[in-house]
Amino acid sequence: MRITAVTCVKNEGPFLLEWIAYNRLIGVTDFLFYSNDCTDGTDALLDALAARGGVMHLPNPAKGRAYQMEALKDCAHQSIVQQADWLWIADVDEFLNIHVGDHTIPALIEACQNPQAISLSFQFFANGGVESFSDRPVIDQFTRCHNPDIWCGETAIEVKTLTRRDFPLGYYGAHRPFIRKGADVRPRWCDGGGRQVPQKFLVAANPRRIRKFPAKGARQLATLNHYALRALDSYLVKNDRGDVNRENRTFDDTYWRERNDPAWEDRSILRLLPALQAALDEMKSDPEIARLHADCVARHKARRDELLAQPAYQAMRAQLQKASPLPPQEEDMLLRLGLM
């Protein structure tokens, strides 16, 4: 079975090897990376990995700022996607945590009785008080998350989707495929519990539910672990990576607080940690790969140091350090009830 993972990256160098090694462990056979405007060595590391096979690296074709959508439009024309049995579109901070069989994508597909698409619910992992970047597996550093069935007062949680080659495709979206107009059949499309997804989600009838549906019961077979925050210092570098100019603006910590809910502990993904560490050691046994990875790590740390020399980022770091551990919606509710 050929399974191709497609992702867009910008300055994700320190995290590439872990994501590739992990996805290979769960059954991904091929990777298509689109990169843009990298300054941390991401592109050089991807080129070296591509030279060794199994990885394809292309410049992002976007002419404006729609980087992800332009890349997804382009990927449909690439042979590495066209020849795949299944396509997995995800980001480098997202790890598919499969709870059945041998914990691989083929085992998940079998458990779901071979549907044409499987949409997996996000589970956002908190920062957990980790301040400094450490060059070791992300999945080992962060184990606290929100209640898997509820996020910020919402029972509907966003998804990412595995898509089979014969899906009646109109186009790929970042979170799910969209059915071709005029298609005369509805695909068998299930959630991470093996159940058929809600009809309104399937046909995208309700714009507010296009990317999500209720998570309760949708995690029996697999979960999508999302490490959007990572270490505090890496989060600052992530903010710098974006296009928003924060000069003379008040920093909004809402994104951080929404994803920094430590109410739940989930260590299930750690069953793959020994195999992941062995795979990483093997990748780094290649001197060039090890050197390029180390260069990405050094540039990541150097950029962190440059940012922390700026008053605006010093203030941002301080604000996040003292931010409430409660999501804004939960804190507002407690305040209204007079419980705070």
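The values are calculated or read from the model by the stated rules, or taken from the named source; none is laboratory data. Remember, it's a predicted structure, so these values are computed and weren't measured experimentally. Virtual Cβ from ideal backbone geometry, glycine too; neighbours counted across all protein chains shown. Just the protein is used for accessible areas: all its heavy atoms, side chains included, with ligands, DNA and RNA removed. Shrake-Rupley method; radii C 1.70, N 1.55, O 1.52, S 1.80 Å.
Quick look at the numbers
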quantity: Residues being part of a loop (DSSP other than H, G, I, E, B) and touching a helix residue (DSSP H, G or I) at 6+ places or on another chain (Cβ under 7 Å) - total across region 144-172; calculated: 2
quantity: Subset tally (residues that are closer than 13 Å to G194 by Cβ, part of a helix (DSSP H, G or I) and open to solvent by 30 Å² or more (accessible area, probe 1.4 Å)) for region 97-143; calculated: 2
quantity: Out of R304, R299, R267, R271, sole residue that is of a type in the set (D, E, K, R) and closer than 25 Å to P327 by Cβ; calculated: R267
quantity: Single condition N147 does not satisfy, out of (1) surrounded by 15 or more Cβ atoms within 10 Å (Cβ to Cβ); (2) farther than 17 Å from F95 by Cβ; (3) under 20 Å from the mean Cα position of the chain (by Cα); (4) not hydroxyl-bearing (S, T, Y); calculated: (1)
quantity: Residues being closer than 22 Å to Y235 by Cα and either assigned to a helix (DSSP H, G or I) or open to solvent by 10 Å² or more (accessible area, probe 1.4 Å) (or both) - total across region 1-19; calculated: 11
quantity: Lone qualifier among I105, I89, I80 - being modelled with pLDDT of 95 or more and within 20 Å of R271 (Cβ to Cβ); calculated: I105
quantity: Scope region 179-203; condition outside any loop (DSSP other than H, G, I, E, B) and either charged (D, E, K, R) or free of Cβ contacts under 8 Å to residues at least 40 places away in the same chain (or both); matching residues; calculated: I179, D191, Q196, Q199, K200, L202
quantity: Inter-residue pairs, beta-carbon under 8 Å, first among the polar types (S, T, N, Q) and in region 98-112, second at pLDDT 95 or above and assigned to a loop (DSSP other than H, G, I, E, B), 6+ apart; calculated: T104/I26; T104/G27
quantity: Yes/no for T161 being of a type in the set (V, I, T) and in contact with a His (Cβ under 8 Å, 6 or more places away or on another chain); calculated: yes
quantity: Spans of helices (runs of 4 or more DSSP H) in region 204-308 with at least 2 residues surrounded by 14 or more Cβ atoms within 10 Å (Cβ to Cβ) and without any contact (Cβ under 8 Å) to a residue 12 or more places away in the chain; calculated: 287-308
quantity: Subset of region 309-328 [in a helix (DSSP H, G or I) and surrounded by 14 or more Cβ atoms within 10 Å (Cβ to Cβ)]; calculated: Y313, M316, R317, Q319, L320, P328
quantity: Residue list for region 1-27, filter: among the small types (G, A, S) and within 13 Å of the chain's Cα centre (by Cα); calculated: A5
